[in-house]
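Participant: For reference, the structure I am asking about is given below.
Throughout, read-outs are computed from the coordinates displayed, never taken from laboratory work. Not measured: the values here are computed from a predicted model. No Cβ is skipped: glycine too gets one built from the backbone with ideal geometry, and neighbour counts run over all protein chains shown.
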Amino acid sequence: MTAQRTEFNLSSVFGAIAAEVPDREAVVWRDRRLTFAQIDERINRFAQVLASAGLGHRRERSELAGHESGQDHVAIYLRNGNEWIETWLGAYRARTVPMNVNYRYVDEELLYLLNDSQATALVFHADFAPVVERVRAELPRIELLIQVADDSGNALLDGALAYEDCLAAAAPTPPPVTPMPDDLYAIYTGGTTGMPKGVLWRQHDIFVQAMGGRPFGSPDAMTSYEAVAENARNGGGLIRLLMIPPFMHGAAQWGSFHAFTNGSAVVIPDDVTRFDAADALRIAEREKVSAIALVGDAMARPMIDELERNRYDLSSLLAISNGGAPMTPTVKARLLDLLPHVLLRDAVGSSETGIQMNKLSAAGSEVTSGTFERISDTVVVDATMTRILEPDDDEIGWLAQRGEVPLGYLGDAAKTARTFPVIEGVRHSIPGDRARLLPDGDVELLGRDAVTINSGGEKIFAEEVERAVAAHPGVSDVIVVGRPSERWGQEVVAIVVAAEGAMLDDESLLAECSKHLARYKLPKAFIVRDRIERSPAGKADYRWARDQAAAEPA
């Protein structure tokens, strides 16, 4: 007889770790060094604040469709800091659903997300109080405002509660509710190719798929809370992770929880208003971190420049993990030249799939991008989304995930049905990445279909062209899009940023691209800009890029 498997919820997972290794550091930021026990108590207190306001669980999962929620929603409008972790996990402990908010949003974008997310509570930094004040009248659902103090000097909004005062007044014990595996984990997509959408997961499923429930390198999920506690104890607190991307980004949430499941600390750079490579490297040196998380060339290039200018003792550093945006081969090679003892890990995944693939690079080996090793339940399906492709099928299909996949998109039944189809009797997640399954079983990732360029009947994948342009030594950043063309339907346009002191010209850029691309894939135009617009997590904003391309004469 097979024993019934344990299903997990995120609040209880953290609680089990805190009970096992209470005195280990969990979060390090500026002068704050908070242990697992201290964070767990602050999570309890925040959960009590929500519960005392009447927020929590409303309807059972079995009564709801995949695109529906039966819980109250708590919007987190914060920059990185211990408060992000506390409100995130405290919301789960109160059986509410935390929702990530992009802190760069202007009024109209913030209104869209807060209304679309159906948030009934909003936790925000004082720096954002003026924006909240301007839009609050148009947020009829919001019942609770909690303001976190920062360096801005902005006064507490009328009707808002002060975060630290709330916690101080709340009980240090959990509220009288029982978090469940069916409780929701929600993550809003970045909205760099379309409007942001809230992706809904069961907490058990996202824990196993992306947050440490299946330990790195293992195909099997942990089977009990005792196993979670043992994993944390055996981790020894050795994998100290410097988290550079903002916690509003899924990869940062997943990476942080991976560190927690290993009983290790998440270290946050001092400067959370922007990416400061010197600040990040100083913290990495001081805290003797063993891993650094970053997002793509946009973060790697400034780090390389700083490593070339100044010396840092990074002898404790074992790995750099990249996710959310590609890192080009040129950048990888430069990084490994500077840090030859470090292993580079590229992780591929999305809000709709969790972690799907990995690629490891080391000094002395061939450094490439674009091909990855699959992890559990990652497949490629055919163009019609009706058949699973085999390694000997030489065709371009869709990167897909099966097994633990999301329930749906909040409030959008139609998009839920399109993105999570049933194929060969199994529900899959297909968020829109085109891919080819290679004969050895690895996957060639071609890029998001939303930014694929159709030029003269040929499909051109933007990420492939971006890698070619980035190989030019004078390019520090690039984004590639299509723009309307009378002759071709669409033509390839590269928006580039010159490296410091470099002069770019079309001839040398085309010459470099010609080494890597067929002629029909070459950009028809290069547009030089001072910077590329990206999300705080480093993801390129393709909507901005299309506007830039359209504004330039053909």
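Participant: So what's the net charge close to PRO431: Lys and Arg +1, Asp and Glu -1, counting the other residues with Cβ under 9 Å from its Cβ?
Facilitator: Around PRO431, the charge tally is -1.
Participant: Calculate the spin-label point distance for ASN115 paired with GLU143, positioning each point 7 Å from the Cα along the beta-carbon direction, and give it in nanometres.
Facilitator: It works out to 2.1 nm between the two label points.
Participant: Now, a different point. Grab the DSSP H runs of the chain that are 4 residues or longer, score each as -39,500 (n - 2.57), total them, divide by all residues and round the 222 nm result to the nearest 500 deg cm²/dmol.
Facilitator: Taking each H run of at least 4 residues, the total per residue is -9000 deg cm²/dmol.
Participant: Using a ≥ b ≥ c from the Cα gyration tensor of the chain (square roots of the eigenvalues), is it rounded, prolate or oblate, where a/c under 1.5 gives rounded and otherwise the larger of a/b and b/c decides, a/b for prolate?
Facilitator: rounded
Participant: For the charge dipole of segment 4-111, defined by +1 on Lys and Arg C-beta atoms and -1 on Asp and Glu C-beta atoms about the Cα centroid, which residue among THR87, ILE76, VAL106 has the Cα displaced farthest towards the positive pole?
Facilitator: Comparing the listed Cα positions along the dipole, THR87 ranks first.
Participant: At most 16 other Cβ atoms within 10 Å and a DSSP loop assignment: could you name the trypsin sites (Lys or Arg not before Pro) in segment 79-150 that fit?
Facilitator: Sparse-neighbourhood loop trypsin sites (Lys or Arg not before Pro): ARG104, ARG141.
Participant: Quote the relative contact order of segment 244-345 in percent (integer), defining contacts as alpha-carbon pairs under 8 Å separated by 6+ residues.
Facilitator: 26 percent
Participant: Can you give the local net charge around ARG5? Use residues other than it whose beta-carbon is closer than 15 angstrom to its beta-carbon, Lys and Arg +1, Asp and Glu -1.
Facilitator: Neighbour charge sum, excluding ARG5 itself: -4.
Participant: Can you pull the one-decimal nm distance between simple spin-label points at ASP442 and ARG33, each 7 Å off the Cα toward Cβ?
Facilitator: 4.3 nm
Participant: Please give the charge dipole size of segment 377-449, origin at the Cα centre, charges +1 on K and R Cβ atoms and -1 on D and E Cβ atoms. Round to the nearest 20 debye.
Facilitator: So the magnitude is around 540 debye.
Participant: Order 213-223, 244-254, 336-346 from most to least packed using the mean count of other Cβ atoms within 10 Å.
Facilitator: Packing order, densest peptide first, comes out as 244-254, 336-346, 213-223.
Participant: Report the local net charge at GLY235: Lys and Arg +1, Asp and Glu -1, summed over other residues whose C-beta lies under 12 Å from its C-beta.
Facilitator: Here the charged neighbours net out to +1.
Participant: Rounded, prolate or oblate for segment 377-449? Axes are the square roots of the Cα gyration tensor eigenvalues, ordered a ≥ b ≥ c, and the cut-off for rounded is a/c under 1.5.
Facilitator: prolate
Participant: While we're here: So if a site counts as exposed when it's one of the GluC sites (Glu not before Pro), its DSSP state isn't H, G, I, E or B, and it has at most 14 other Cβ atoms within 10 Å, what's the longest stretch of the chain without one?
Facilitator: By the stated rule (loop sites, at most 14 other Cβ atoms within 10 Å), 144-365.
Participant: Shifting gears a bit: What spacing in nm lies between the two simple spin-label points modelled at ALA525 and ASN454, each 7 Å away from Cα in the Cβ direction?
Facilitator: The answer from the label model is 2.1 nm.
Participant: Might you report the magnitude of the Cβ-based charge dipole of segment 148-242 about its Cα centre, with Lys and Arg at +1 and Asp and Glu at -1, to the nearest 20 debye?
Facilitator: With Lys and Arg at +1 and Asp and Glu at -1, about 400 debye.
Participant: Further question: If you average the alpha carbon positions of segment 330-370 and of segment 11-69, how far apart do those two centres end up, in angstrom?
Facilitator: What the calculation gives is 32 Å, centre to centre.
Participant: Which of SER315, SER12, SER224 comes first, and how do the rest follow, when ranked by fewest Cβ neighbours within 10 Å?
Facilitator: In order of increasing Cβ crowding within 10 Å: SER315, SER224, SER12.
Participant: How big is the dipole moment of the chain about its Cα centre under a simple scheme where the beta carbon of each Lys and Arg is +1, that of each Asp and Glu is -1, and everything else is neutral? Debye, nearest 20, please.
Facilitator: My answer is approximately 300 debye.
Participant: Working from Cα positions, state the angle (0 to 90°, nearest 10) between the long axis of helix 82-93 and the longest principal axis of the chain.
Facilitator: So the inclination is approximately 70 degrees.
Participant: Of ALA53, ILE39, GLY263, which is farthest on the positive side of the dipole of the chain, counting Cα position, with +1 on Lys and Arg Cβ, -1 on Asp and Glu Cβ, and the Cα centre as origin?
Facilitator: The residue sitting most towards the positive pole is ALA53.
Participant: May I ask what percent, to the nearest 5, of DSSP beta bridges between residues of the chain are antiparallel?
Facilitator: Approximately 60 percent, going by the DSSP bridge assignments.
Participant: Project the alpha carbons of segment 10-223 onto their principal axes and report the range along each, largest first, in whole Å.
Facilitator: 48, 41, 33
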